[in-house]
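Below is one structure, written out as C-alpha cells, with a few remarks after it.
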Amino acid sequence: MTEVIVGARGALLASVDGFALAQSETMPNEAAHAAMLAAAIGLAHQLVLMGNGTQLRQLVVDHDNGLLLLWPIGTARVLAMVTDSNVDQTRLRRFVRSRASLLAGTS
C-alpha cells in the first residue's frame, strides 16, 4: 500500500488483542505500537457510540508531521497508515475497503 498511494509512508496491520500481524519495512518494529493501535480502535468504537453512531469507519490523528489513519478490518484486526498531511484520504479509504477481506484474512 505504501508503494501504491502517494504520500503513504508506512503501514501496520495488527490484531485487536495487540499483536502485529504485518507491517511495511518503513514502520518501526515496536511491539508497543500494535498494542496502542488495539487500544485506540477500542476507544474509537466507544467514541462512535457516544456520538450516537453505530459503526466506526476511520480514525484520523492529524499531527504536526502528517496523519495517522486507522481502520477496523473485520472484527479482529486494525490497519494503521502513517501518511503525509496531503494524502488523498478518499483514495486511500477506497483502497483499504477494496482489500478489507484480504486484510481480515477471510478471502
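The values are calculated or read from the model by the stated rules, or taken from the named source; none is laboratory data. For clarity, every value in this text was computed on a predicted model and none was experimentally measured. Neighbour counts are summed over all protein chains in view; Cβ atoms, including those assigned to glycine, are modelled from backbone coordinates with ideal geometry. Heads up: the accessible areas ignore ligands, DNA and RNA and are worked out on the full protein's heavy atoms, side chains in. Shrake-Rupley method; radii C 1.70, N 1.55, O 1.52, S 1.80 Å.
In whole percent, how big is the carbon plus sulfur part of the accessible area of the stretch 7-107, probe 1.4 Å, protein atoms only?
53 percent
Once a ≥ b ≥ c are taken as the square roots of the eigenvalues of the Cα gyration tensor of the chain, is the result rounded (a/c under 1.5), prolate (a/b larger than b/c) or oblate (a/b not larger than b/c)?
Rounded, since a/c falls under 1.5.
Given Cα pairs under 8 Å that are at least 6 residues apart, what percent is the relative contact order of the chain?
Normalised by residue count, the contact order of the chain is 28 percent.
Taking the chain as a Gaussian network, Cα atoms linked when under 10 Å apart, which of ALA14, ALA40, ALA31 shows the biggest mean-square fluctuation?
Looking only at ALA14, ALA40, ALA31, the biggest GNM fluctuation is shown by ALA31.
Using only the Cα atoms of the stretch 1-54, build the gyration tensor, take square roots of its eigenvalues as a ≥ b ≥ c, and label the shape rounded, prolate or oblate: rounded if a/c is under 1.5, else prolate if a/b is larger than b/c, else oblate.
Oblate is the answer for the stretch 1-54, as a/c is 1.5 or above yet b/c matches or exceeds a/b.
Rank LEU102, GLY18, LEU47 by how far each Cα sits towards the positive end of the charge dipole of the chain (+1 on Lys, Arg Cβ; -1 on Asp, Glu Cβ) and give me just the farthest.
LEU102
Based solely on its DSSP helices, what 222 nm [θ] is calculated for the chain when runs of n ≥ 4 H residues each add -39,500 (n - 2.57) and the sum is averaged over all residues, nearest 500 deg cm²/dmol? Walk me through the numbers before you get to the answer.
Numbers: 3 runs with 35 residues, N = 107.
Result for the chain, helices only: -10000 deg cm²/dmol.
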